[in-house]
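One structure below.
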Amino acid sequence: MPILEVEHIKKSFEHTRVLDDISFSLEAGQAVSIIGSSGSGKTTLLRCLNFLERPDCGTIRVNGETIFDADDPATQKESEIRRKRLHFGLVFQSFNLFPQYTALENVMLAKELLAKELPDYKSRKKELHREISQQAKNLLHQMGLSERMSNYPHQLSGGQCQRVAIARALALSPDILCFDEPTSALDPELTGEVLKVIRELADRKTTMIIVTHEMAFARDVASHVIFMDDGKILEQGDPNEVFEHPKEERTKQFLSRFHQE
Amino acid sequence: MELILEQMPIVIHSLNVGFLQTLKLFFVTLIGAFPLGLIIAFGSMSRFRPLRYFSRILVWVVRGTPLMIQLLIIYYFPGLVLGNPIWGSGETGRFLAASVSFILNYACYFSEIYRGGILSIPVGQNEAGLVLGMTKRQIFFKVTLLQMIKRIVPPMSNEIITLVKDTSLARIIALQEIIWAGQSFLKGSQGIAGAIWPLFFTAVYYLICNGILTVLLGRLEKKLNYFR
């Protein structure tokens, strides 16, 4: 059974159709990259998965459970959306770290708040805090940021900030981790260090959806590529197949610049 | 000159008593207006239309009319029109009426400062909180609030310093604050009459008080400089 099944998602803003009948599925441990020109709906798709936008039509299933159905208001209760969001993690293009917290605190904050909702929180307070802190340190270590844990975001480079943001998303152990152009706000020198940690995550079989303009990366890291154009999935499949032998004219045109380089 | 030195202890004592009342009104206003302003700010950003209109009209009326009129109306209206002088005639009643007027007035000004502060925080902060499974309340208290405070310290400092001086308006309903105390020696009080110099002294009280506030608020601003 696929870990994620997206069916017939449609979304319009005012009178502009941004997503037009999007369907795809994802197996656990798989990384899928979504490519396409700006304005093709890639970011909106990720935002729909994370309940930052509400699709007009369609369903989203995680592990067989329907977590969103546009026709069924029962799946759209505000109170449950918060819990459902936790199936997904999202790494933003602009990091969105909390500036008043250190790197470590950024990674720990959400998990600490969730722990407070546990019935036995009061009696296990110290133990939970230690666990969460240890996990956060491990994650930052994994991101190569052991020396930077007590720095504030403004003291970090863009690449370091984005790696903290990745650790922050991982701290909640999402089923599916989404990346929204994670390197687009970085200069070329810093892009590499972020791509490297995402690659490591792929090696560890982290289930991921990666929206990116880094074509070589999209091809190498993913086991599946989706090409979006004008709100539609125009083509999808094995990365080598899509990149080397695109079927659609529009895909060829989009990839031609990449192949020239 | 000798006369002034002789009168000095009497005047200083009166001014101290008056200034204590000024300070009381100042702090009571801050304690009331800080939270009430936040409530009005949320009201004027609410998606619930009647609440939003109510809050915005309130802010419009309160900011659009002089504080002095508000003081007079709030103090005299219940007794003269409703036949129910809720404030009584003593100093305590005048202080209560003045407090209510000042809190309402300053809460409206504060609410706009809060609103500006909240709107200036990038939406990405809110979205990051949502994606991490935080509730709206948690996002406000754990993420937004401190960033908002950092941004509003300079405009708030302005309002707070204005408030110190605005308390003198309570003189209009005969609240015995420092201007009232200083002015009494013009008319004649405790054997001193026709003396204008006590009024100059009142100005010194205001200056010193605002000097201290400026330093404290500057420190707060610096303290919040640890993040950007």
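Across segment A:87-141, the qualifying residues are those that are among the polar types (S, T, N, Q) and over 17 Å from A:Pro174 (Cα atoms), and the one among them that is modelled with the lowest pLDDT is A:Ser123. I need the full set of residues from segment A:101-132 which are within 12 Å of chain B (Cβ to nearest Cβ), of a type outside the set (Gly, Ala, Ser) and crowded, with 16+ Cβ neighbours inside 10 Å, in order please. The answer is A:Tyr101, A:Thr102, A:Glu105, A:Asn106, A:Val107, A:Met108, A:Leu109, A:Lys111, A:Glu112, A:Leu113, A:Leu114.
Any residue that is more than 30 Å from A:Ser146 (Cα to Cα) and either basic (Lys, Arg) or within 14 Å of another protein chain (Cβ to nearest Cβ) (or both) - is there at least one of those in segment A:59-70? Yes, some residue in segment A:59-70 is more than 30 Å from A:Ser146 (Cα to Cα) and either basic (Lys, Arg) or within 14 Å of another protein chain (Cβ to nearest Cβ) (or both).
If the condition is being in contact with a helix residue (DSSP H, G or I) (Cβ under 9 Å, 6 or more places away or on another chain), free of Cβ contacts under 8 Å to residues at least 60 places away in the same chain and within 14 Å of another protein chain (Cβ to nearest Cβ), then segment B:188-225 contributes only B:Asn225.
Yes/no matrix, rows are residues, columns are (1) at the interface with another protein chain (Cβ under 10 Å from one of its Cβ atoms); (2) of a type in the set (Gly, Ala, Ser):
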| residue | (1), (2) |
| --- | --- |
| B:Pro85 | no, no |
| B:Arg94 | no, no |
| B:Ile118 | no, no |
| B:Gly124 | yes, yes |
| B:Gly133 | yes, yes |
| B:Thr144 | yes, no |
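Restricting B:Ile212, B:Ile139, B:Ile113 to residues that are aliphatic (A, V, I, L, M), within 30 Å of A:Val164 (Cβ to Cβ), modelled with pLDDT of 95 or more and out of contact with any strand residue (DSSP E or B) (no Cβ under 9 Å at 6 or more places or on another chain) narrows the list to B:Ile139. Scanning segment A:13-28 for residues that are over 17 Å from A:Val225 (Cα atoms) and not charged (D, E, K, R) gives A:Phe13, A:His15, A:Thr16, A:Val18, A:Leu19. Contact map, segment A:244-259: residues that are among the acidic types (Asp, Glu) paired with residues that are surrounded by 15 or more Cβ atoms within 10 Å (Cβ to Cβ), Cβ distance under 7 Å, separation 6+ or inter-chain. Pairs shown: A:Glu248/A:Leu234; A:Glu248/A:Glu235. Checked across segment A:100-108, the condition of being of a type in the set (Val, Ile, Thr) and assigned to a loop (DSSP other than H, G, I, E, B) holds for at least one residue. In this structure, is A:Phe179 at negative phi, part of a helix (DSSP H, G or I) and among the aromatic types (Phe, Trp, Tyr)? For A:Phe179, the condition - at negative phi, part of a helix (DSSP H, G or I) and among the aromatic types (Phe, Trp, Tyr) - is not met. Among the residues making up segment A:88-100, those that are on the phi < 0 side of the Ramachandran plot and either crowded, with 20+ Cβ neighbours inside 10 Å or within 7 Å of chain B (Cβ to nearest Cβ) (or both) are A:Phe88, A:Gly89, A:Leu90, A:Val91, A:Phe92, A:Ser94, A:Leu97, A:Phe98, A:Pro99, A:Gln100.
The values are calculated or read from the model by the stated rules, or taken from the named source; none is laboratory data. Quick caveat: nothing in here was measured; it's all calculated off a predicted structure. As a convention, Cβ positions derive from the backbone with ideal geometry for all residues, glycine included, and neighbour counts pool all protein chains shown.
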